[in-house]
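These notes concern the structure reproduced below.
The values are calculated or read from the model by the stated rules, or taken from the named source; none is laboratory data. Since the model is a prediction, treat every value here as computed from it, not as a measurement. Positions of Cβ are generated from backbone atoms using ideal geometry, with glycine treated the same way; all protein chains shown enter the neighbour counts. Heavy atoms of the whole protein, side chains included, go into the accessibility calculation; ligands, DNA and RNA do not. Shrake-Rupley method; radii C 1.70, N 1.55, O 1.52, S 1.80 Å.
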Amino acid sequence: PGQEQAAPVEASTSARFGVVPSDQGKVRLLVSNPSDDRAEVRVDALGERGRFSVPDGTASVEPGTTVMLDLSTPLEGQHVGLAIHSSVPIMSMIAIEGDKDVAWLTPGTSATHLREAVPAGKLRVVNPGTAATTIRVKHSQTEEYTAEIPAGGVQDLDVKAGTIDIRSRGPVAAAVAAKGSGLAVIRLRPESVQKAPRPVQLDPQLGQGG
(Lines give C-alpha, C1' and ligand atoms only; values in the text may rest on other atoms or scores of the structure.)
Protein backbone atom coordinates (compact mmCIF):
# COMPACT_ATOMS: atom_id res chain seq x y z
CA PRO A 1 0.00 0.00 0.00
CA GLY A 2 1.06 3.60 -0.65
CA GLN A 3 2.28 5.65 2.26
CA GLU A 4 3.13 9.33 2.76
CA GLN A 5 5.95 10.96 4.66
CA ALA A 6 4.90 13.01 7.68
CA ALA A 7 6.37 16.40 8.49
CA PRO A 8 7.99 17.00 11.90
CA VAL A 9 5.62 18.05 14.68
CA GLU A 10 6.40 20.43 17.51
CA ALA A 11 5.20 19.75 21.06
CA SER A 12 2.27 21.90 22.16
CA THR A 13 -0.61 21.90 24.65
CA SER A 14 -3.11 22.39 21.81
CA ALA A 15 -3.36 21.23 18.20
CA ARG A 16 -5.83 21.91 15.41
CA PHE A 17 -6.65 19.62 12.49
CA GLY A 18 -8.71 21.48 9.90
CA VAL A 19 -9.89 18.43 7.97
CA VAL A 20 -10.19 14.85 9.21
CA PRO A 21 -11.87 12.85 6.40
CA SER A 22 -13.08 10.02 8.59
CA ASP A 23 -15.48 8.98 5.83
CA GLN A 24 -12.46 7.83 3.78
CA GLY A 25 -10.94 5.34 6.21
CA LYS A 26 -10.00 4.51 9.76
CA VAL A 27 -8.92 7.42 11.95
CA ARG A 28 -6.12 6.93 14.46
CA LEU A 29 -4.71 9.69 16.65
CA LEU A 30 -1.06 9.29 17.66
CA VAL A 31 -0.04 11.14 20.84
CA SER A 32 3.54 11.29 22.14
CA ASN A 33 4.48 12.79 25.49
CA PRO A 34 8.12 14.00 25.53
CA SER A 35 7.81 15.73 28.92
CA ASP A 36 8.59 14.54 32.43
CA ASP A 37 4.96 14.83 33.56
CA ARG A 38 1.86 12.79 32.77
CA ALA A 39 -0.26 14.29 29.96
CA GLU A 40 -4.03 14.42 30.28
CA VAL A 41 -5.36 14.61 26.73
CA ARG A 42 -8.85 15.50 25.49
CA VAL A 43 -10.16 15.45 21.91
CA ASP A 44 -12.95 17.76 20.72
CA ALA A 45 -14.58 17.64 17.30
CA LEU A 46 -15.47 20.76 15.32
CA GLY A 47 -18.40 20.25 12.98
CA GLU A 48 -21.59 21.63 11.54
CA ARG A 49 -23.30 21.39 14.92
CA GLY A 50 -20.43 23.12 16.68
CA ARG A 51 -17.89 21.79 19.13
CA PHE A 52 -18.54 18.47 20.86
CA SER A 53 -16.50 16.03 22.93
CA VAL A 54 -15.42 12.91 21.06
CA PRO A 55 -16.59 9.73 22.85
CA ASP A 56 -13.57 7.80 24.15
CA GLY A 57 -11.47 10.78 23.07
CA THR A 58 -9.43 11.06 26.27
CA ALA A 59 -6.10 9.58 27.29
CA SER A 60 -3.63 9.71 30.16
CA VAL A 61 -0.16 9.47 28.63
CA GLU A 62 2.84 8.57 30.79
CA PRO A 63 6.06 10.60 30.38
CA GLY A 64 8.20 9.45 27.45
CA THR A 65 5.50 7.22 25.96
CA THR A 66 3.24 7.18 22.91
CA VAL A 67 -0.39 6.06 22.67
CA MET A 68 -2.77 5.62 19.76
CA LEU A 69 -6.49 6.38 19.97
CA ASP A 70 -8.81 4.76 17.44
CA LEU A 71 -11.39 7.45 16.64
CA SER A 72 -13.04 5.62 13.74
CA THR A 73 -16.16 4.56 15.64
CA PRO A 74 -16.61 7.74 17.75
CA LEU A 75 -16.48 9.95 14.66
CA GLU A 76 -18.90 7.67 12.78
CA GLY A 77 -17.60 8.63 9.35
CA GLN A 78 -18.17 12.35 9.89
CA HIS A 79 -16.13 14.94 8.01
CA VAL A 80 -14.93 17.09 10.92
CA GLY A 81 -12.07 19.12 12.31
CA LEU A 82 -10.38 18.16 15.58
CA ALA A 83 -9.02 20.17 18.50
CA ILE A 84 -6.56 18.40 20.79
CA HIS A 85 -5.96 19.69 24.32
CA SER A 86 -3.28 18.53 26.77
CA SER A 87 -2.16 19.43 30.28
CA VAL A 88 1.50 19.40 29.12
CA PRO A 89 3.08 19.83 25.66
CA ILE A 90 2.58 16.78 23.45
CA MET A 91 3.18 15.84 19.81
CA SER A 92 0.15 14.63 17.86
CA MET A 93 -0.53 13.27 14.38
CA ILE A 94 -3.49 11.59 12.70
CA ALA A 95 -3.38 8.58 10.39
CA ILE A 96 -6.21 8.08 7.89
CA GLU A 97 -6.04 4.46 6.76
CA GLY A 98 -7.81 3.86 3.45
CA ASP A 99 -7.99 0.69 1.38
CA LYS A 100 -4.68 1.38 -0.37
CA ASP A 101 -3.24 4.54 1.19
CA VAL A 102 -2.26 5.87 4.58
CA ALA A 103 -2.36 9.66 4.93
CA TRP A 104 -0.53 11.23 7.87
CA LEU A 105 -2.01 14.55 8.96
CA THR A 106 -0.04 17.05 11.01
CA PRO A 107 -1.65 19.88 12.99
CA GLY A 108 -2.36 23.19 11.34
CA THR A 109 -1.80 26.61 12.85
CA SER A 110 -4.67 28.92 13.80
CA ALA A 111 -4.23 32.45 12.46
CA THR A 112 -6.21 35.40 11.13
CA HIS A 113 -4.49 35.21 7.73
CA LEU A 114 -3.91 31.91 5.93
CA ARG A 115 -2.66 31.35 2.40
CA GLU A 116 -1.70 28.31 0.31
CA ALA A 117 -1.63 26.90 -3.22
CA VAL A 118 -3.97 23.90 -3.23
CA PRO A 119 -5.38 21.26 -5.60
CA ALA A 120 -9.08 20.98 -6.38
CA GLY A 121 -11.09 19.62 -3.47
CA LYS A 122 -13.13 20.59 -0.44
CA LEU A 123 -11.92 23.46 1.71
CA ARG A 124 -12.84 23.30 5.39
CA VAL A 125 -12.30 26.24 7.73
CA VAL A 126 -12.66 25.56 11.46
CA ASN A 127 -13.15 28.07 14.24
CA PRO A 128 -11.58 26.69 17.45
CA GLY A 129 -12.39 29.86 19.41
CA THR A 130 -15.16 30.61 21.89
CA ALA A 131 -16.79 33.34 19.79
CA ALA A 132 -18.15 33.49 16.25
CA THR A 133 -15.85 34.88 13.58
CA THR A 134 -16.26 36.20 10.04
CA ILE A 135 -14.03 34.88 7.26
CA ARG A 136 -13.28 36.23 3.79
CA VAL A 137 -12.01 33.68 1.29
CA LYS A 138 -10.26 34.81 -1.90
CA HIS A 139 -9.42 32.28 -4.60
CA SER A 140 -7.29 32.92 -7.66
CA GLN A 141 -9.86 31.17 -9.89
CA THR A 142 -13.21 32.15 -8.34
CA GLU A 143 -15.06 35.04 -6.74
CA GLU A 144 -14.55 36.21 -3.16
CA TYR A 145 -16.60 34.40 -0.51
CA THR A 146 -17.65 35.68 2.93
CA ALA A 147 -19.21 33.70 5.78
CA GLU A 148 -19.63 33.70 9.55
CA ILE A 149 -18.50 30.63 11.50
CA PRO A 150 -19.93 30.03 14.98
CA ALA A 151 -17.68 29.13 17.89
CA GLY A 152 -16.47 25.54 17.42
CA GLY A 153 -18.07 25.45 13.99
CA VAL A 154 -16.91 24.88 10.43
CA GLN A 155 -17.43 26.23 6.92
CA ASP A 156 -17.07 24.07 3.82
CA LEU A 157 -16.44 25.23 0.27
CA ASP A 158 -15.67 23.33 -2.94
CA VAL A 159 -12.58 24.86 -4.54
CA LYS A 160 -10.69 24.58 -7.81
CA ALA A 161 -6.94 24.25 -8.01
CA GLY A 162 -5.29 27.57 -7.26
CA THR A 163 -4.19 29.86 -4.45
CA ILE A 164 -6.48 30.40 -1.47
CA ASP A 165 -6.20 33.44 0.79
CA ILE A 166 -8.27 33.51 4.00
CA ARG A 167 -8.64 36.45 6.35
CA SER A 168 -10.71 36.27 9.52
CA ARG A 169 -11.66 38.35 12.50
CA GLY A 170 -10.49 35.62 14.89
CA PRO A 171 -7.91 32.83 14.48
CA VAL A 172 -9.05 29.90 12.32
CA ALA A 173 -7.45 26.77 10.89
CA ALA A 174 -8.09 25.42 7.40
CA ALA A 175 -7.23 22.57 5.06
CA VAL A 176 -8.26 21.13 1.71
CA ALA A 177 -9.18 17.48 1.18
CA ALA A 178 -8.02 16.89 -2.39
CA LYS A 179 -10.23 15.22 -4.97
CA GLY A 180 -9.09 11.90 -6.38
CA SER A 181 -8.76 8.23 -5.52
CA GLY A 182 -5.94 8.71 -2.99
CA LEU A 183 -5.84 10.38 0.41
CA ALA A 184 -4.38 13.86 0.51
CA VAL A 185 -5.03 16.77 2.87
CA ILE A 186 -3.25 20.10 2.39
CA ARG A 187 -3.29 22.47 5.35
CA LEU A 188 -3.23 26.22 4.86
CA ARG A 189 -0.33 27.99 6.56
CA PRO A 190 -0.23 31.44 8.14
CA GLU A 191 0.80 34.16 5.73
CA SER A 192 4.18 35.42 6.89
CA VAL A 193 5.66 38.83 6.26
CA GLN A 194 8.34 38.41 3.63
CA LYS A 195 11.47 40.40 4.36
CA ALA A 196 13.96 41.42 1.73
CA PRO A 197 17.25 39.54 2.13
CA ARG A 198 20.01 41.57 3.73
CA PRO A 199 23.35 41.72 1.86
CA VAL A 200 26.05 39.67 3.54
CA GLN A 201 29.75 40.34 3.13
CA LEU A 202 31.86 37.22 3.40
CA ASP A 203 35.40 37.19 4.74
CA PRO A 204 37.62 36.30 1.73
CA GLN A 205 39.83 34.29 4.10
CA LEU A 206 36.90 32.12 5.22
CA GLY A 207 37.65 28.44 4.75
CA GLN A 208 41.28 28.93 3.95
CA GLY A 209 43.92 27.30 6.02
CA GLY A 210 46.13 29.44 8.24
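One residue alone among L114, L82, L71 is surrounded by 22 or more Cβ atoms within 10 Å (Cβ to Cβ) and closer than 16 Å to I186 by Cβ, and that residue is L114.
Here the condition is being out of contact with any Ser or Thr (no Cβ under 9 Å at 6 or more places or on another chain), in a loop (DSSP other than H, G, I, E, B) and open to solvent by less than 30 Å² (accessible area, probe 1.4 Å); of L183, L123, it holds for L183 alone.
Only residues that are hydroxyl-bearing (S, T, Y) and either modelled with pLDDT of 90 or more or out of contact with any Leu (no Cβ under 9 Å at 6 or more places or on another chain) (or both): list them for segment 18-62, please. Scanning segment 18-62 gives S32, S35, S53, T58, S60. Among the residues making up segment 83-120, those that are in a loop (DSSP other than H, G, I, E, B) and closer than 16 Å to V176 by Cβ are T106, P107, T109, P119, A120. Picking from residues in segment 70-81 that are part of a strand (DSSP E or B) and not β-branched (V, I, T), the one that is farthest from A177 (Cα to Cα) is D70. M91 passes every criterion in (1) of a type outside the set (D, E, K, R); (2) open to solvent by 40 Å² or more (accessible area, probe 1.4 Å); (3) within 20 Å of P21 (Cβ to Cβ); (4) within 16 Å of the chain's Cα centre (by Cα) apart from (3).
Residues in segment 126-163 that are among the polar types (S, T, N, Q), open to solvent by 20 Å² or more (accessible area, probe 1.4 Å) and in contact with a Lys or Arg (Cβ under 6 Å, 6 or more places away or on another chain): T134, Q141, T146. Listed by first and then second residue, the pairs with beta-carbon distance under 8 Å, at least 6 apart or on different chains, first residue in segment 41-59 and in contact (Cβ under 8 Å) with a residue 24 or more places away in the chain and surrounded by 14 or more Cβ atoms within 10 Å (Cβ to Cβ), second assigned to a strand (DSSP E or B) and among the aromatic types (F, W, Y), are D44/F52; A45/F52. Go through segment 27-69 and give me each residue that's charged (D, E, K, R), in contact with a strand residue (DSSP E or B) (Cβ under 9 Å, 6 or more places away or on another chain) and not in a strand (DSSP E or B). Once the filter is applied, which keeps residues that are charged (D, E, K, R), in contact with a strand residue (DSSP E or B) (Cβ under 9 Å, 6 or more places away or on another chain) and not in a strand (DSSP E or B), segment 27-69 yields D36, D37, R38, E48, E62.
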